[in-house]
Protein chains: 2
Amino acid sequence: MKSKLNKELVIRLLKYRRILTQLKSLGFEKVFSNNLGDAIGVAPALVRKDFSLLVLGGNKRGGYNIDYLSEQLNRILGKSREQKIIIVGMGKIGSAVAQYKGFHQGDFEVAAGFDISPESLLHKIEVPVLPMSQLKDFIQTQQIEVAILAVPEDVATDCHRQLKDAGIRGILNFTPIELKTTENCIIHNINIGVEIENLFFQVVKSSLPFDVEAALPDLSDEDALADAET
Amino acid sequence: MKSKLNKELVIRLLKYRRILTQLKSLGFEKVFSNNLGDAIGVAPALVRKDFSLLVLGGNKRGGYNIDYLSEQLNRILGKSREQKIIIVGMGKIGSAVAQYKGFHQGDFEVAAGFDISPESLLHKIEVPVLPMSQLKDFIQTQQIEVAILAVPEDVATDCHRQLKDAGIRGILNFTPIELKTTENCIIHNINIGVEIENLFFQVVKSSLPFDVEAALPDLSDEDALADAET
DNA sequence: CATTTGTTGTTCTGTTTTTCACAAAAACAT
DNA sequence: ATGTTTTTGTGAAAAACAGAACAACAAATG
């Protein structure tokens, strides 16, 4: 069974929705595939194909209706509003995310943060911070499904287990430990260290006057072979 | 010209390197493809394929030599040591990243943070925080190539322009504004809001007793067609 | 009313990336 | 020595993904 809503597509749809919300608030009523493409950094043809796949039609010369598109994307993606999440580990990253303003028009509410020593966190945080001992109970009574994991590396696997035991269905993992999706719990890893290293590599590679890959094994044999055949 | 070192491959290589460093510090000398695959969450065959592509050989029954692999990965990826980065926007996210401990054995040094009002930042931060007015000069005299952008949404594009004007070659962008890579400046976007929305979608989708995609346009026509042809 | 213009919808094709499957080689055991 | 096990290395198949091209159509124009 091939899945129609592949991973990249879903991300694009979420981005379209955000852009549409912005455009709407600016008073626009319609939008063209190249506007959306520019906004999220993909080719206009891909935008049209995405909507075509979902049978979201536009008008042959008038582009797409923003209200219609928004509604339909909400139908497909779920309104994802009033969803509650918790944050485990209220260190720097955890509390930063707790106060993150970039959520799509307040879709999510951080129901609580958890930490080994909640008392020590005196910097004003708008969400209640509870001790880890209350984690499982809170998750189950509040029916929390999604958690953000932002604890130190050495307790990551232990916290992961606790979250799974408590019945969490999805974890956004900011620790450098690569957790793995299981049947009952979907993991998305964000490894900031790797992201920075990766960016550095790309920059250095693009800055060099020669091709980095020239240092890699020779592919010119293939060409030689091809030449020999002619 | 097809590039051998594609984006996903580079990320895997960076992850291999991290795992190898850990294994080495634990006293291991060799490692098998399935160990590495487990550690970074990919199939063992892919690990072998990666190394095969780079002509990094293992031993038919003894796995791969950790020291050798580390050296070779360092050669290919660059040692990426003593590189300096700056952080623009020392709000919650910015200062969290400034103090991020997950960097690969201290590869990177945060040379400075920049903010509109550096004085107001009284929470103890180990790196110097300078006013935006000094941004361009600092970048040029210190020869900074990579920056992390963590400012509020409404000034993101302006800061982006300032960074490009100052000659920055790579930006890790934490704002919800999707910036685009240009000839001179590589952008990697990390949109935390979208990541959370995406995770929610996947969780809801997996939780439903029926197939979400059933609500989407019918593909059974294809089957009907195929049947009709037989 | 005819013509031009602009934009969508979709097919077809091409590329890149991953998985499968198994031969080959090395280590180990008997 | 001989056989058995384990793990690599890789060619071929499969899947995922994107891009180019262009027909179809609606709107605008004169």
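On the given criteria, is A:V42 in a loop (DSSP other than H, G, I, E, B), away from DNA strand D (no atom under 14 Å from the Cβ) and among the β-branched types (V, I, T)?
No: the conditions fail for A:V42.
If only one of B:S95, B:S52 is hydroxyl-bearing (S, T, Y), outside any loop (DSSP other than H, G, I, E, B) and not assigned by TED's automatic domain parsing to the domain that holds B:R169, which one is it? Give the steps one after another, and end with the answer.
Working: B:S95 fails: not assigned by TED's automatic domain parsing to the domain that holds B:R169.
Selected residue: B:S52, the only one of B:S95, B:S52 that is hydroxyl-bearing (S, T, Y), outside any loop (DSSP other than H, G, I, E, B) and not assigned by TED's automatic domain parsing to the domain that holds B:R169.
Out of curiosity, is A:I87 in contact with a strand residue (DSSP E or B) (Cβ under 9 Å, 6 or more places away or on another chain) and surrounded by 13 or more Cβ atoms within 10 Å (Cβ to Cβ)?
When the stated conditions are applied, A:I87 passes them.
Tally time: how many residues in segment B:54-67 are more than 8 Å from DNA strand D (Cβ to nearest atom) and in contact with a helix residue (DSSP H, G or I) (Cβ under 9 Å, 6 or more places away or on another chain)? It would help to see each step written out before you state the result.
Pass one, segment B:54-67, residues more than 8 Å from DNA strand D (Cβ to nearest atom): B:54, B:65-67.
The next check asks that each one be in contact with a helix residue (DSSP H, G or I) (Cβ under 9 Å, 6 or more places away or on another chain); those that pass are B:54, B:66-67.
Count: 3.
Which condition from (1) more than 8 Å from DNA strand C (Cβ to nearest atom); (2) surrounded by 13 or more Cβ atoms within 10 Å (Cβ to Cβ) is the one that A:L26 breaks?
Result: A:L26 fails condition (2) only.
How many of the residues in segment A:48-58 are closer than 15 Å to A:R17 by Cα, within 8 Å of DNA strand C (Cβ to nearest atom) and either of a type outside the set (F, W, Y) or touching a residue at least 40 places away in the same chain (Cβ under 8 Å) (or both)?
Adding up the residues that qualify gives 2.
How many residues are of a type in the set (K, R) and facing chain A (nearest Cβ under 7 Å) when one looks only at segment B:193-209? I'd like the intermediate steps shown before the answer.
Keep residues of segment B:193-209 that are of a type in the set (K, R), which gives B:205.
Imposing the further condition that a residue be facing chain A (nearest Cβ under 7 Å) reduces the set to none.
Of the residues in segment B:193-209, 0 are of a type in the set (K, R) and facing chain A (nearest Cβ under 7 Å).
Looking at segment A:68-90, I want the residues that are facing another protein chain (nearest Cβ under 10 Å) and have a partner that is of a type outside the set (D, E, K, R) and in a strand (DSSP E or B) with Cβ atoms under 7 Å, at least 6 apart or on another chain. Which pairs are those?
Correct list of pairs: A:Q83/A:F108; A:I85/A:F108; A:I85/A:V110; A:I85/A:A111; A:I85/A:V146; A:I85/A:A147; A:I85/A:I148.
Go through segment A:18-35 and report how many residues are part of a helix (DSSP H, G or I) and over 17 Å from B:N189 (Cα atoms).
The initial filter retains those residues of segment A:18-35 that are part of a helix (DSSP H, G or I), namely A:18-25, A:33-35.
Still in the running and over 17 Å from B:N189 (Cα atoms): A:20-25, A:33-35.
Number of matching residues: 9.
Hey, among B:I86, B:I66, B:I40, B:I19, which residue is closer than 18 Å to A:V203 by Cα, modelled with pLDDT of 95 or more and β-branched (V, I, T)? Give the derivation first.
Details: B:I66 fails: closer than 18 Å to A:V203 by Cα; B:I40 fails: closer than 18 Å to A:V203 by Cα; B:I19 fails: closer than 18 Å to A:V203 by Cα.
Exactly one residue qualifies, and that residue is B:I86.
Yes/no matrix, rows are residues, columns are (1) in contact (Cβ under 8 Å) with a residue 60 or more places away in the chain; (2) within 14 Å of chain B (Cβ to nearest Cβ); (3) surrounded by 13 or more Cβ atoms within 10 Å (Cβ to Cβ); (4) under 21 Å from B:V97 (Cβ atoms):
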site	(1), (2), (3), (4)
A:F114	no, no, yes, no
A:Q140	no, no, no, no
A:Q143	no, yes, no, no
A:V151	yes, yes, yes, yes
A:N173	no, yes, yes, yes
A:E183	no, yes, no, no
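On the given criteria, is B:I76 within 16 Å of DNA strand D (Cβ to nearest atom), at negative phi and part of a helix (DSSP H, G or I)?
It is true that B:I76 is within 16 Å of DNA strand D (Cβ to nearest atom), at negative phi and part of a helix (DSSP H, G or I).
(1) in contact (Cβ under 8 Å) with a residue 60 or more places away in the chain; (2) more than 26 Å from B:I190 (Cβ to Cβ): which one isn't true of A:R61, the others all being true?
Exception for A:R61: condition (1).
Any chance segment A:96-106 includes a residue that's more than 8 Å from chain B (Cβ to nearest Cβ) and either loosely packed, with under 13 Cβ neighbours inside 10 Å or under 23 Å from A:V10 (Cβ atoms) (or both)?
Within segment A:96-106 (the criterion being more than 8 Å from chain B (Cβ to nearest Cβ) and either loosely packed, with under 13 Cβ neighbours inside 10 Å or under 23 Å from A:V10 (Cβ atoms) (or both)), the answer is yes, since at least one residue qualifies.
Among the residues of segment A:1-41, which ones are at the interface with another protein chain (Cβ under 10 Å from one of its Cβ atoms) and hydrophobic (A, V, I, L, M, F, W, C)?
A:M1, A:L5, A:V10, A:I11, A:L13, A:L14, A:I19, A:A39, A:I40
The values are calculated or read from the model by the stated rules, or taken from the named source; none is laboratory data. Since the model is a prediction, treat every value here as computed from it, not as a measurement. Note that each Cβ is placed from the backbone with ideal geometry, even for glycine, and that neighbours are counted across all protein chains shown.
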